[in-house]
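Below is one structure, written out as structure tokens, with a few remarks after it.
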Amino acid sequence: MEKLSNPQVTIEIIKKYDFAFQKRFGQNFLIDGHVIEKIIKAADISKEDTILEIGPGIGTMTQYLAEAAGKVYAVEIDKNLLPVLDETLGEYDNVTVVNDDILKVDIKALLGDDGENVKVVANLPYYITTPIIMGLFENHIPAKSITVMVQKEVALRMQAGPGSKDYGALSLAVQYYANPYIVANVPPNCFMPRPNVGSAVIRLTKWDNPPVKVKDEKLMFKLIRASFNQRRKTLQNGINNSSDLSFTKEQVVSALKEMGLSESVRGEALTLEQFAKLSDLLG
Ligand code: SAM
């Protein structure tokens, strides 16, 4: 069939199946072939690769993925899209559609041996961007890269460094696991229906080894979350007020002193390396 990236083809399919867009599932379908080509190029896909696509929608990007990759696993929560996908992906025998919630799927079990060469590619449902990305990292899915469309503001946060207004817990978490690179900005008119925020494609290339060494990864992330919980407060207050942590004021002040940092330093001034050091000193 003709590609769904042609808006007319998308309109016809939507009408044929009397499909009603579900806002609660973040359904904004791509209708721009150039944008999809940019995503495919940034994801650097070959026939050796298996792709995990999160939320195929009516299959617009899946059609391109099926042509470029060896295999595609597409996980879609909305069961009303299954008959549509049957038609739009009917000609591809390398696509497996799974009707499930990506936050509940056992991805390792789903991919089996194909998981070794997996790359994640998606136009993400924006309401669950962070849990999806963090789930992929924390469950140690062996994906080499994650190339995704996200809200522009979130892409900026993922890529931000210390001192920037966008820098925060998400920047540090993403950068601990991967090297982020914003590939393109995408305006609302590339989607149907149009989202009311700007979007961006970001590629997260997984590090072979984390860029910093830390004794207790979990403690470091607790410290990071606590430090950014109350943005306008000092890092010391954030840590002392956290219900997740039980360090005394003296312990925190002494660790900061040892690192050559002021008592009144804020979380946004610390690099990933400094958070790792702080965690090792407190742990
Ligand atoms: N890939 C399609 C495209 O680019 O046109 C659709 C992208 S749309 C932004 C997000 C898709 O994710 C929708 O199809 C939505 O139903 C699906 N989705 C939302 N929440 C999901 C979840 N928890 N698990 C799997 N898919 C989900």
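See the values below:
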| item | result |
| --- | --- |
| Boolean, Gln159 is away from the ligand (no atom under 16 Å from the Cβ) and either β-branched (Val, Ile, Thr) or at pLDDT 95 or above (or both) | yes |
| Failed criterion for Met1 (all others in (1) surrounded by fewer than 16 Cβ atoms within 10 Å (Cβ to Cβ); (2) closer than 27 Å to Pro142 by Cα; (3) not β-branched (Val, Ile, Thr) hold) | (2) |
| Residue under evaluation Phe228, criteria (1) surrounded by 12 or more Cβ atoms within 10 Å (Cβ to Cβ); (2) within 26 Å of Tyr177 (Cβ to Cβ); (3) over 22 Å from the mean Cα position of the chain (by Cα), criterion not met | (3) |
| Long-range neighbours under 9 Å by Cβ, at least six apart or interchain, first residue without any contact (Cβ under 8 Å) to a residue 60 or more places away in the chain within region 21-37, second among the basic types (Lys, Arg) | Gly33/Lys3; Ile36/Lys3 |
| In region 107-121, residue surrounded by the fewest Cβ atoms within 10 Å (Cβ to Cβ) [restricted to those that are within 17 Å of Ala66 (Cβ to Cβ) and modelled with pLDDT under 95] | Asp114 |
| Hits in region 78-96 - residues which are open to solvent by 60 Å² or more (accessible area, probe 1.4 Å) and touching a strand residue (DSSP E or B) at 6+ places or on another chain (Cβ under 9 Å) | Lys79, Asp86, Thr96 |
| Selection status of Gln175, open to solvent by 30 Å² or more (accessible area, probe 1.4 Å), over 30 Å from Gln22 (Cα atoms) and in contact (Cβ under 8 Å) with a residue 60 or more places away in the chain | yes |
| Single unsatisfied condition, Leu52 versus (1) more than 22 Å from Ile133 (Cα to Cα); (2) at pLDDT 95 or above | (1) |
| Residue within region 215-225 that is assigned to a loop (DSSP other than H, G, I, E, B), out of contact with any His (no Cβ under 8 Å at 6 or more places or on another chain), open to solvent by 20 Å² or more (accessible area, probe 1.4 Å) and touching a residue at least 12 places away in the same chain (Cβ under 8 Å) present | yes |
| Members of region 155-198 that are within 12 Å of the chain's Cα centre (by Cα) and of a type in the set (Gly, Ala, Ser) | Ala155, Ser171, Ala173, Ala178 |
| Helices (runs of 4 or more DSSP H) wholly inside region 1-104 that include at least 3 residues being within 11 Å of the ligand (Cβ to nearest atom) | 33-43, 60-68, 82-88 |
| Check on Tyr167, touching a residue at least 24 places away in the same chain (Cβ under 8 Å), surrounded by fewer than 17 Cβ atoms within 10 Å (Cβ to Cβ) and either assigned to a strand (DSSP E or B) or out of contact with any Pro (no Cβ under 9 Å at 6 or more places or on another chain) (or both) | no |
| Selection from region 262-283 of residues that are more than 18 Å from Tyr177 (Cα to Cα), open to solvent by less than 40 Å² (accessible area, probe 1.4 Å) and not in a helix (DSSP H, G or I) | Val265 |
| Hits in region 226-238 (condition: closer than 21 Å to Gly161 by Cα and not in a loop (DSSP other than H, G, I, E, B)) | Ala226, Ser227, Phe228, Asn229, Leu235, Gln236, Gly238 |
| Residue satisfying condition, being closer than 27 Å to Thr205 by Cα, at pLDDT 95 or above and over 21 Å from the mean Cα position of the chain (by Cα), within set Gly57, Gly70, Gly26 | Gly70 |
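The values are calculated or read from the model by the stated rules, or taken from the named source; none is laboratory data. Keep in mind it's a predicted model, so treat the numbers as computed, not measured. No Cβ is skipped: glycine too gets one built from the backbone with ideal geometry, and neighbour counts run over all protein chains shown. For accessibility, only protein heavy atoms count, side chains too; no ligands or nucleic acids. Shrake-Rupley method; radii C 1.70, N 1.55, O 1.52, S 1.80 Å.
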